[in-house]
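Visitor: Pasting in a structure now, in structure tokens, and then I'll have a few things to ask.
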Amino acid sequence: MSSWSVDVANRRVGVVGTPVSPQEKSSAIHAFAPADEVVAEVSGDLRRQAASKFTSEDRVRVVDLRPGW
């Protein structure tokens, strides 16, 4: 017999207190940000945050090694 906790029972019926999985986190964001203006601002913040994680050392340099080019 498996052990039940309040958290497991709530998740089973779709009620999540603290989102853990990527799907739960995405659903929580949509629940808190129904207005288009908020969604636009949050998505811009997330894009800037992701872009700032990459440095010039992380980028790949492409070199054409074909003769005559």
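Visitor: I need the full set of residues from the range 1-38 which are modelled with pLDDT of 75 or more, exposed (fewer than 10 other Cβ atoms within 10 Å of the Cβ) and polar (S, T, N, Q), in order please.
Guide: 3, 5, 18
Visitor: Scan (1) loosely packed, with under 10 Cβ neighbours inside 10 Å; (2) modelled with pLDDT of 75 or more for the single condition residue 41 breaks and write down its number.
Guide: The number of the failed condition is (1).
The values are calculated or read from the model by the stated rules, or taken from the named source; none is laboratory data. Just so it is clear, the structure is predicted and the values come from calculations on it, not from any experiment. Reconstructed Cβ throughout: ideal geometry from the backbone, glycine too, with neighbour counts over all protein chains shown.
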